[in-house]
Ligand SMILES: [Zn+2]
């Protein structure tokens, strides 16, 4: 079982990057105490910029850095970022839902035509927010960023 996370409202960007790497990272714009409680009880690591809050939840992490690279490295140094390239880009960056593979027939007319012609395979779909995702230069850029930060493979 891979580490699952819950990120506080201040850590939306960190949540997105954890999802790029395929980690389950819950993040919402406002929390009630019981939202955090129940996810932490189910084993998620609570990531927060608020030191007093992290004291309330066992196994949570106070994130010190202001920049994403530093934040990811803090999580990595805590031993939580076991990188697995085959999991990358397997999760919706917007809503955290695991993506489904789509067939070219399903994806046609759902994404811009030029993208469809470059990527007939490898197109995935978020069943929750109905977004389509595809391979390409944006993913290369993300991998490069992770490499620059010293994260990943
Ligand atoms: Zn989604």
Considering segment 27-44 alone, what residues qualify as being within 26 Å of residue 85 (Cβ to Cβ) and surrounded by fewer than 21 Cβ atoms within 10 Å (Cβ to Cβ)? 43
Which listed residue, of 72, 99, 14, 18, is assigned by TED's automatic domain parsing to the domain that holds residue 127, closer than 22 Å to residue 140 by Cα and buried (at least 19 other Cβ atoms within 10 Å of the Cβ): 99
Hey, can you tell me all the residues within segment 66-110 that are part of a loop (DSSP other than H, G, I, E, B), within 16 Å of the ligand (Cβ to nearest atom) and over 18 Å from residue 25 (Cβ atoms)? 102, 110
Can you name every residue in segment 118-152 that is at positive phi and more than 16 Å from the ligand (Cβ to nearest atom)? 122, 136, 150, 152
Residue 42: modelled with pLDDT under 95, within 16 Å of the ligand (Cβ to nearest atom) and not assigned by TED's automatic domain parsing to the domain that holds residue 127, yes or no? no
What number of residues within segment 121-144 are part of a loop (DSSP other than H, G, I, E, B) and loosely packed, with under 14 Cβ neighbours inside 10 Å? 6
Residue 115 being more than 10 Å from the ligand (Cβ to nearest atom) and farther than 18 Å from residue 22 by Cβ: yes
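The values are calculated or read from the model by the stated rules, or taken from the named source; none is laboratory data. Computed from a prediction, not measured in an experiment: that's the story for all the values here. In this analysis, Cβ positions are derived from the backbone assuming ideal geometry, glycine residues included, and neighbour counts consider all displayed protein chains.
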